[in-house]
1. What's the longest piece of the chain with no exposed GluC sites (Glu not before Pro), counting a site as exposed if DSSP puts it in a loop and it has at most 12 other beta carbons within 10 Å?
2. Ignoring ligands, DNA and RNA, what percent of the accessible area of the range 1-129 is carbon or sulfur (1.4 Å)?
3. Which is the longest run of the chain containing none of the trypsin sites (Lys or Arg not before Pro) found in DSSP loop states (not H, G, I, E, B) with at most 13 other C-beta atoms within 10 Å?
4. Quick one: length gained pulling ALA146 to ALA9 fully straight, 0.36 nm per residue minus the C-alpha distance?
5. Residues of the range 2-149: accessible area per residue at 1.4 Å, in Å²?
6. For the chain, what does -39500 (n - 2.57) per DSSP helix run (n ≥ 4), summed and divided by total residues, give at 222 nm, in deg cm²/dmol to the nearest 500?
7. Excluding ligands, DNA and RNA, what is the solvent-accessible area per residue of the range 167-258 at a probe of 1.4 Å, expressed in Å²?
8. Net charge near ALA185: determine it from the other residues with C-beta under 12 Å of the C-beta of ALA185, scoring Lys and Arg +1 and Asp and Glu -1.
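The values are calculated or read from the model by the stated rules, or taken from the named source; none is laboratory data. Keep in mind the model is a prediction, meaning the values are calculated, not measured. Reconstructed Cβ throughout: ideal geometry from the backbone, glycine too, with neighbour counts over all protein chains shown. Accessible surface is based on the protein model in full, side chains and every heavy atom, while ligands, DNA and RNA are left aside. Shrake-Rupley method; radii C 1.70, N 1.55, O 1.52, S 1.80 Å.
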Amino acid sequence: MSQALVIHAPHDLRIETRDVPPLTSGEVRVRVEAGGICGSDLHYYHHGGFGAVRLKHPMVLGHEIAGRIIEKAPDVSSLEIGDTVAVNPGLACGQCLQCRAGRVNHCSDMRFYGSAMRNPHVDGAFQQELVCKARQCVAGRQKRPAALALAEPFAVALHAVSRAGALMGKTLLVTGAGPIGTLVAIAARLNGAKEVIVTDILAEPLAVALRAGADRVINSREDPEALASLERSVDVLIECSGNEQALRGALDLMSPCG
Ligand SMILES: [Zn+2]
Ligand SMILES: [Zn+2]
């Protein structure tokens, strides 16, 4: 038996006991040790979904998780019992046109943890024990589950930064200091950006972004002049707030060809 965090409706989140399924070929059992709360988890909790995606029946939440391998099917050789792993929440079909073109993240038959995109929904990973495919698990040098649980959102940040091209010598502006914005700041720092500036309208996340490696943070609500002084100096903008005003305002700050 394993406990799971199940969303029934907006503001109706329950801890329920579930049967633990036996392993089949290629599968492992992970004892979940850390999980990050994604914006989508919050949307299910507050609004029962987002856009056209609506909760139609109870679903286990969560997809940013890490844990320890406690059991493996006899045919699994890539992992050992006791390995600390990050779990890829997306299981692509491997057969559709997108998958065969190497764009597994665009799989047209994706099964993604804690997602009401399909009906029946795909249960998420906020469970004490999770049965998943060995190929979803990545055992890294990093052993701290809380850090490994950031692998999925950090992949988002690395992808965003790689789309921006070479950052050496460039000034990069990140609008939004939530987890994604802060991870983008870290990724940009690792990729050699000359200056990483992060904006938000809240002091607390800005302080975290500064500790995480941003060179400069600006509270765009309290200090609009500081923001305006960046006019035509930003080479790369990565919008991480989801706020229309942040995007519109930042476009004025872009350097030619930014
Ligand atoms: Zn997420
Ligand atoms: Zn596919």
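1. Numbers: sites that count: GLU80, GLU222, GLU231.
That gives 81-221 as the longest site-free run.
2. 53
3. Details: sites that count: LYS56, ARG103, ARG118, ARG141, LYS143, LYS194, ARG221, ARG232.
It works out to 1-55.
4. On the way: separation 137, 0.36 × 137 = 49.32 nm, distance 2.77 nm.
Using 0.36 nm per residue and subtracting the Cα-Cα distance, I get 46.5 nm.
5. Values: 7910 Å² over 148 residues.
I get 53 Å² per residue for this part.
6. Working: 8 runs with 65 residues, N = 258.
Dividing the helical sum by the residues of the chain leaves -7000 deg cm²/dmol.
7. Numbers: 4890 Å² over 92 residues.
With all protein chains present, the range 167-258 gives 53 Å² per residue.
8. Here the count lands on 0.
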